[in-house]
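The structure under discussion appears below in the form of structure tokens.
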Amino acid sequence: GVRGPYGGAVVNERFAARLGFAAAKWIAEAKGRRNGRVLIGRDTRASGAPLAEATASGVAAAGLSPLSLGVLPTPAVARAVTRSGAALGVVITASHNPASDNGIKFFSPDGMKLTDAEEAAVEAALDGAPEAFADAGTLPDDGGAAERDYIRGQTELLPPGALRGWKIVLDTANGATARTSAAVLSALGADLARIGDAPDGANINAGVGSECADALARRVVAETARLGVAHDGDGDRCVLCDGSGAVLDGDELMAILATDALRQGTLREKTLVATVHSNMGLDMAVRAAGGRVLRAAVGDRYVLEEMLRSGAGLGGESSGHVIFAEVAPTGDGLTAALRVLGVMLRTGRTLAELRAVLRKLPQATLALRVSERRPLENCPALSAEMKKLEAELGSGGRVLVRYSGTEAKLRLLVEGGSDAVARAGVSRLAAAATTDLGAL
């Protein structure tokens, strides 16, 4: 997708209209969807409405029919696309970024994010997009039908009244899940204490949400709640907090879910798909339970691609994106929370007890700004240091060096048997990178 400061060179109404036109032209010509509807959802940023209207004007100019879903979590938009047979889905969101940013991402008719090749095709279609568009008028909306369908579907993931008597703190990041997640958990009987539930267009992710779980942890302890749930601004991420205020990230959620599924005999291909960022302890926990972990590039769409290749039904990222193939082909923070709650209900164990299945290896990371993205094989000092470290760590650790996908940075990661080993390894890699790349 596209993401950046609202009003900047990319994220503005003019570009949104041209991108909407290009995406609609692409889906019409490449997929034969010449008369379809394009569903447009957004998060709670003030810039969302004008960007949605601009995108709709481009879509209409290309001959397709835009329909507004209003404020809706990203996974709910993906669900609406597949269930309605729409030609395309669009979400106006910058996810966990601050309110000053916004962005646009697309879902194909099967509810999946566009592949690299499909994104390249849309970019190519921009060359034929007009520079200006007529006002498309008031954008028609679905009257809340997609939101109601999503709430109904999520509520059915647990038995009726399953959470009766459970005190849960819910942090919706002042974002797109402020209505939906609360509605689902309340319908299941939970007693909710809420934070991050008063979006005003400017406070999305501001000191709340999955990227800033301190407020959640404090509230869980203060309320003596059983657990806490936090989403990011568009609702495709989830982190949890146990009764003591300890926060669980995506790796811990995946460890709980994968090992439980292995015990139940329900983990497809006995395989979990994670990204290269996930802690090596996840591999160890899943392997000890009789399964395996496959690694994908960073990004939930790459996780899904590996899931499709391997036949796996569960995958995700340490950030809290978790994908359940039998539910939807995209990450859904509420589904992840409900699935973990299901494990707690069936086993009678607390979240603190369940999280013990994962013992994380000590990890050190560093991001170095670089002047060029030279192929790593052309960095002799860094390549030599990586090989030396890998030999020293053996099966008890790992080394990951990669360029950022969005910034001029080289990202270094070392896991080992102790914090000191991991920190020393990153320092050695940084020194070698400086020799080769002039890293700052």
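Pairs are defined by a Cβ separation below 9 Å, a sequence spacing of at least 6 or placement on different chains, a first member in the range 422-433 that is among the basic types (Lys, Arg), and a second member that is open to solvent by 10 Å² or more (accessible area, probe 1.4 Å); the pairs so defined are Arg423/Pro362; Arg423/Ala364; Arg428/Glu385; Arg428/Lys388.
Condition check: of a type in the set (Lys, Arg) and open to solvent by less than 20 Å² (accessible area, probe 1.4 Å). Does Arg3 satisfy that? Give the steps one after another, and end with the answer.
Values: of a type in the set (Lys, Arg): yes; open to solvent by less than 20 Å² (accessible area, probe 1.4 Å): no.
In short, no.
The criterion of at least 2 residues that are crowded, with 22+ Cβ neighbours inside 10 Å is met by the following strands (runs of 3 or more DSSP E) wholly inside the range 263-375: 271-275, 314-316, 322-324.
Does any residue of the range 219-236 turn out to be out of contact with any strand residue (DSSP E or B) (no Cβ under 6 Å at 6 or more places or on another chain), more than 30 Å from Gly290 (Cβ to Cβ) and without any contact (Cβ under 8 Å) to a residue 12 or more places away in the chain? Yes, some residue in the range 219-236 is out of contact with any strand residue (DSSP E or B) (no Cβ under 6 Å at 6 or more places or on another chain), more than 30 Å from Gly290 (Cβ to Cβ) and without any contact (Cβ under 8 Å) to a residue 12 or more places away in the chain.
Within the range 146-158, which residues are open to solvent by 40 Å² or more (accessible area, probe 1.4 Å) and without any contact (Cβ under 8 Å) to a residue 60 or more places away in the chain? Don't jump to the end; show me each part of the working.
Initial filter on the range 146-158 (open to solvent by 40 Å² or more (accessible area, probe 1.4 Å)): 148, 152, 156-157.
Hits for the range 146-158 are Arg148, Arg152, Glu156.
Quick check on Ala230: is it out of contact with any Phe, Trp or Tyr (no Cβ under 7 Å at 6 or more places or on another chain), surrounded by 18 or more Cβ atoms within 10 Å (Cβ to Cβ) and modelled with pLDDT of 95 or more? Judged against the criteria, Ala230 is a match. Which one of Ala80, Ala56, Ala86, Ala94 is open to solvent by less than 10 Å² (accessible area, probe 1.4 Å), more than 21 Å from Arg14 (Cα to Cα) and touching a residue at least 12 places away in the same chain (Cβ under 8 Å)? Within the list Ala80, Ala56, Ala86, Ala94, the selection yields Ala86.
Conditions (1) at pLDDT below 95; (2) out of contact with any helix residue (DSSP H, G or I) (no Cβ under 6 Å at 6 or more places or on another chain), marked per residue:
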site	(1), (2)
Val286	no, no
Ala289	no, no
Arg301	yes, yes
Gly311	no, no
Thr330	yes, no
Thr335	no, yes
Gly342	no, yes
Leu354	no, no
Asn378	yes, yes
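The values are calculated or read from the model by the stated rules, or taken from the named source; none is laboratory data. What you see is a predicted model; the values in this text were computed from it and never measured. Cβ atoms come from the backbone with ideal geometry, glycine included; neighbour counts cover every protein chain shown. SASA here: full protein model, heavy atoms, side chains in, ligands and nucleic acids out. Shrake-Rupley method; radii C 1.70, N 1.55, O 1.52, S 1.80 Å.
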